[in-house]
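Here is the structure we will look at.
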Amino acid sequence: MNERICLTPSLDADPRFEGCAAVFAGYAKEKLGRDWTKGKGGVSLRFDPALPEEGYRLTVGPEACALFASAEKGMHNGLADLLSRLEAPERDAPEPDGSLLAEPCELTNQPDCPYRGLMVDLARQWHPLPYLLGYVDLCWKNRASHLQLHFTDSQSFTLPMTAYPKLSTEGRFYSREEIRTLVDYAAVRGITLVPEVDVPGHAAQFFLKYPEIFGNTGVLPACEEVFDALRAVFGEVAELFPHSPLIHIGGDEADIGAWERCPRTREYMKAHGIADIHEMYAEYVRTVTDVILGLGRTPVVWEGFAKEYDDRIDRRTIVIAWESYYQPAYDLAKAGFTLINCSWKPLYIVTPDTHWSPEEIAAHDPWKWDHWWEKSVAFPDGYRIDRKYPVLGAQICAWGDRIAGWENSEDGIRKERELVAERLPALCGKLWHLGM
Ligand code: ACM
């Protein structure tokens, strides 16, 4: 082992990185029990425009400990790396009181994949705000980039709403103040939030609260009145999440057979010359993705629409390929969509007992999909798509279906957090260095 370097806990930050320094000082105090002062002699944070946005250069040597980045995201990544290398000396060690130790190093680093994500299901299981802040912390420490929040499902709608206030589930939605706290907390840590409102399936809250608008068939009708309402809902989502370039519109597992029995949808289909419900599904996704594009954001959608109608949908839409059932990743990729890999196996966690090991996650190629379900084309051996196709990265998805059944649901959320904390480092490690 190299002789370790002794460091003073002080930070000398270029003004553009003072926010990063404050975030680091908080995490470093928590890990190492030291208060960090401002000043020279410890760690310096410097600007280097030549580095990529998420990259950094770190030097730990006898003369200096310096971290360089061109942007806050890169500086956060470098600081998370530095934090993982710092240790407090043993109680009776010879180092000066209050100092820290680190192995010498000189490295330049940047991630191989820009999307290193975690999704948490807040609709099937209520998560008090501190758990969400804790997930942001976990993302920062593991150099993850995105936190997707599945805010709505048939069980609850957890966002505050103005235009349709009854959508927010009584006693089970975040206040505006809480959302602002979360948004600010993620922003100062360089973590991108991806808010999701799941429609047209998984949307019971819509028709339970406003059946006169959203019907009561189990899937939102496709009609102008519903599209107008969704324009208002997603407009509010964009306002609540001003720093989120991506907005997720759901789009999974809709029982579109119900549209055949829905006079309003049939009328819309007739007026627009739409022949069948699969075409209608794609038209629905087109309409809502266009709403998001109109808000100046990029739409994200779960794999769900059929290949035959891909051409209806704007290619700026990012598709999360998860089931390899509705449309496999190879068809989506060939059609020109950019993808995020949420392959059920090994990236799903259904707390408490459906999950895969950190080792399996670390070995997972983001250009590969696997499944345990015989109806998926990824069953039984998985398939791989060519590296030439744009896969932004991958995401662990923590679903809450089974937590709600626990006697003490707080125990369930703690178990979920434990499962995520074991697995996120494996995913992020892989996506930083694909090594294949
Ligand atoms: C999903 O697992 N229904 C996206």
### Task
Could you pull the Rg and Dmax for the stretch 328-375, using just the Cα atoms, both in Å?
12.1, 37
### C-alpha center-to-center spacing [the stretch 1-69, the stretch 167-226] in angstrom
40
### Query
What is the Å³ per residue value for the convex hull set by the Cα atoms of the stretch 252-341?
90
### Task
Enumerate the aspartates and glutamates that residue 73 could reach by cross-link, defined here as Cα to Cα under 16 Å, with residues fewer than 8 away along the same chain left out.
14, 18, 48, 53, 54, 81, 112, 137, 184
### Task
Provide 209, 375, 29 in ascending order of the number of other Cβ atoms located within 10 Å of each residue's Cβ, fewest first.
375, 29, 209
#### Entry: Proximal charge balance of residue 277 [Cβ under 11 Å; K/R count +1, D/E count -1]
-3
### Task
Of the listed pairs 368/415; 345/430; 345/375; 209/270; 31/141, which have alpha-carbon separations greater than 22 Å here?
368/415; 209/270
#### Entry: Tail weight of P(r) past 18 Å, computed on alpha-carbon pairs of the stretch 100-169, percent
57
### Task
Would you mind telling me the antiparallel percentage of the DSSP bridges in the chain, rounded to 5?
30
### Message
Using the Kirkwood radius over C-alpha pairs as Rh, can you work out the diffusion coefficient of the stretch 301-436 via Stokes-Einstein at 25 °C, viscosity 0.890 mPa s, in µm² per second?
### Response
157
### Summary
Assertion target for 344, 259, ordered by fewest C-beta neighbours within 10 angstrom first, is 344, 259
### Query
Relative to the compact globular guide of 2.2 N^0.38 Å, what is the alpha carbon radius of gyration of the stretch 190-251, as a ratio?
1.20
### Query
Which helices, taking whole DSSP H runs in the chain, have alpha carbons extending 15 angstrom or more along the helix axis plus mean Kyte-Doolittle at least -1.0?
18-32, 72-85, 129-141, 176-188, 224-240, 277-294, 409-432
### Debye intensity ratio in log₁₀ form over the Cα atoms of the stretch 202-311, taken at each q of 0.10, 0.11, 0.22 Å⁻¹
-0.28, -0.33, -1.33
## Note on the structure
The computed P(r) of the stretch 261-311 puts the percent of Cα pairs beyond 14 Å at 55
## Note on the structure
What helix-only [θ] at 222 nm does the chain give? Using -39500 (n - 2.57) per DSSP H run of at least 4, over all residues, to the nearest 500, the answer is -10500 deg cm²/dmol
### Summary
Rh_Kirkwood(the stretch 84-200) over Cα pairs, Å, one decimal, evaluates to 17.0
### Message
As a test, work out the antiparallel percent of DSSP beta bridges whose residues both lie in the stretch 309-436, rounded to the nearest 5.
### Response
30
### Message
Give me the net charge for the shell around residue 310: Cβ to Cβ below 13 angstrom, other residues only, Lys and Arg +1, Asp and Glu -1.
### Response
-2
### Task
Sort largest first and round to whole Å: the equivalent ellipsoid semi-axes of the stretch 372-436, each the square root of five times a Cα gyration tensor eigenvalue.
30, 19, 9
### Summary
For the stretch 3-75 the translational diffusion coefficient, Stokes-Einstein from a Kirkwood Rh over Cα pairs at 4 °C and viscosity 1.567 mPa s, in µm²/s, is roughly 104
### Task
Could you please rank 357, 343, 156, 10, placing first whichever residue has the fewest other Cβ atoms within 10 Å of its Cβ?
357, 10, 156, 343
### Message
Give me the three principal axis extents of the chain from the C-alpha atoms, as integers in angstrom, largest value leading.
### Response
80, 46, 44
### Task
Quick one: compute a quarter of the convex hull surface over the Cα atoms of the stretch 64-134 and quote it in nm².
8.3
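Every number here is computed from the coordinates shown, using simple stated rules; none is lab data. In this text the structure is predicted, and so the values were computed from the model without any measurement. For neighbour counting, all protein chains shown are included, and Cβ atoms are generated from backbone atoms with ideal geometry for every residue, glycine included.
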